[in-house]
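The values are calculated or read from the model by the stated rules, or taken from the named source; none is laboratory data. What you see is a predicted model, and the numbers here were worked out from it, not measured in a lab. Neighbour counts are summed over all protein chains in view; Cβ atoms, including those assigned to glycine, are modelled from backbone coordinates with ideal geometry. For accessibility, only protein heavy atoms count, side chains too; no ligands or nucleic acids. Shrake-Rupley method; radii C 1.70, N 1.55, O 1.52, S 1.80 Å.
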Amino acid sequence: MPTLVEPTTAVHRSFLAAWDELEPQEERWMGARGLWEDWTREQVEDPAEFARLIEAIRSEARPETEMPADLVHQTVLWFVEDDEWLGRLSVRHRLTPHLLELGGHIGYVVRPSARRKGYATQMLVQSLPYAAKLGIDPALVTCDNDNVASRKVIVAAGGELEDERHGKLRFWVPTRLV
């Protein structure tokens with residue numbers, strides 16, 4: 001059964017295969033922003049560089065890591081089954097004014113060949129305890145107003161629509177069991 005895990009070198013091959021599935025507009029790390037967003041596909045083919053990439057991703061969760069002014073600390077988790085990389089999820093530790101309007105606490109992407117299998121819902125549900133451990137309750141999760149699939153994912157995870165801003169629907173999802 002697929003699960004969220006810390007980034008790992010065990011999925012190197014399938015991570016590269018997932019990258020190759022992306023459309024040009026998705027290639028900027030599948031919508032993620034971080035200290036690692038400028039790495040190229042060619043760089044991470046090298047296993048040593050892939051390991052460095054993983055360390056850069058993991059460092060963003062550590063409070064002692066100095067972050068640029070426009071970024072916040074985040075815990076990045078990969079959705080994997082055995083050695084197959086299926087997607088990425090980020091739990092942002094706090095909201096900036098921009099994230100409060102558009103980005104939210106949690107962002108996720110499923111690789112193209114793994115879409116329409118319920119993985120996004122599983123990822124979001126599995127991420128809620130991580131958010132709760134960070135003191136986030138409820139979590140803000142957003143999606144484009146015309147993204148019906150993502151809207152269904154958020155609602156299935158318990159999200160309640162607050163409003164629409166700048167073409168984004170804003171949902172609050174409880175992270176703790178009642």
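Of all the accessible heavy-atom surface of region 89-178, with the other protein chains kept in place and a 1.4 Å probe, what percent is carbon and sulfur?
55
Does anyone have the angle between helix 12-21 and the longest principal axis of the chain? Alpha-carbon axes, 0 to 90°, nearest 10?
60
Mind jotting down the distance between the C-alpha centroids of region 33-89 and region 156-178, whole Å?
26
Using a cut-off of 20 Å between alpha-carbon atoms, which lysines can reach Lys117, once sequence neighbours fewer than 8 places away in the same chain are excluded?
Partners found: Lys152.
Taking the 0 to 90 degree range and rounding to the nearest ten, how far is the long axis of helix 119-133 tilted relative to the main principal axis of the chain, both from C-alpha atoms?
80
In whole percent, what relative contact order does region 30-178 give with Cα contacts below 8 Å and a gap of six or more residues?
Once normalised by length, the contact order is 16 percent.
Evaluate the charge dipole of the chain about its Cα centre and quote only its size in Debye, nearest 20, assuming +1 on the Cβ of each Lys and Arg and -1 on the Cβ of each Asp and Glu.
My answer is approximately 680 debye.
Would you grab the residues whose amide H sits under 5 Å from the one on Ala139? Only those 5+ places off in sequence or on another chain, please, with H modelled 1.01 Å from N.
Correct list: Val173, Thr175.
Can you tell me the accessible area per residue over region 112-172, all protein chains present, probe 1.4 angstrom, in square angstrom?
Dividing the accessible area of region 112-172 by its residue count gives 53 Å².
Just to make sure I understand: if all protein chains stay in place, what is the order of Arg13, Arg116, Arg62 by accessible area at 1.4 Å, largest first?
Arg116, Arg13, Arg62
Might you work out the accessible area of Asp70 for me, using a 1.4 Å probe with all protein chains in place, and round it to the nearest 10 Å²?
Surface accessible to solvent at Asp70 totals approximately 100 Å².
If one takes the longest principal axis of the Cα atoms in the chain, at what angle in degrees, from 0 to 90 and to the nearest 10, does the Cα axis of helix 47-59 lie?
30
Determine, from the Cβ-Cβ distance of Ala149 and Arg13 and an R0 of 30 Å, the FRET efficiency 1/(1 + (r/R0)^6), rounded to the nearest 0.05.
Values: r = 27 Å, r/R0 = 0.91.
E between Ala149 and Arg13, to the nearest 0.05, is 0.65.
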